[in-house]
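What follows is calculated from the coordinates using simple rules that are stated; it is not laboratory data. Computed from a prediction, not measured in an experiment: that's the story for all the values here. A quick note on method: Cβ atoms are made from the backbone with ideal geometry, for glycine too, and the neighbour counts reach across all protein chains shown.
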Amino acid sequence: MYLHLGDDRVVRMAEVVAILDARLLRTSEVNQRFFERAAAAGRVLGHNLAGARSVVVTVRGLYPSAISAATLARRARTGLKSIPR
């Protein structure tokens, strides 16, 4: 199963660790340092945080997205429900 992040980007659901609201990264000093360290290590994949509404944390890195965290979470839940067991 895949999660569409916008801007022709998709990630495997199995790699998703967290979906964060970008406001949390902008307002929290600890979260800002987390993002800055990831960027310095080359782990921010895609666009920068400037226009992002959410950040998807994966095992490969961080993906800023213009899609809200609530919408991405809803897509993830919907996708997981449709997987046959």
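Taking the range 11-25 as the region of interest, how many residues are surrounded by 13 or more Cβ atoms within 10 Å (Cβ to Cβ) and free of Cβ contacts under 8 Å to residues at least 60 places away in the same chain?
9
Arg74: more than 11 Å from the chain's Cα centre (by Cα) and free of Cβ contacts under 8 Å to residues at least 40 places away in the same chain, yes or no? Steps first, please.
Numbers: more than 11 Å from the chain's Cα centre (by Cα): yes; free of Cβ contacts under 8 Å to residues at least 40 places away in the same chain: yes.
Yes, satisfied.
Identify, by number, the condition in (1) free of Cβ contacts under 8 Å to residues at least 60 places away in the same chain; (2) surrounded by 13 or more Cβ atoms within 10 Å (Cβ to Cβ); (3) part of a loop (DSSP other than H, G, I, E, B) that Ile67 doesn't meet.
(1)
It is to be established whether one or more residues within the range 20-32 are assigned to a strand (DSSP E or B) and within 10 Å of the chain's Cα centre (by Cα).
Quick first cut of the range 20-32, residues assigned to a strand (DSSP E or B) only: 20-21.
Narrowing the set further to residues that are within 10 Å of the chain's Cα centre (by Cα) leaves 20-21.
Checked against the condition, which is being assigned to a strand (DSSP E or B) and within 10 Å of the chain's Cα centre (by Cα), the range 20-32 yields at least one hit.
Would you say Gly42 is under 19 Å from Gly6 (Cβ atoms) and over 10 Å from the mean Cα position of the chain (by Cα)? Step through it out loud before you land on a result.
Numbers: under 19 Å from Gly6 (Cβ atoms): no; over 10 Å from the mean Cα position of the chain (by Cα): yes.
No: the conditions fail for Gly42.
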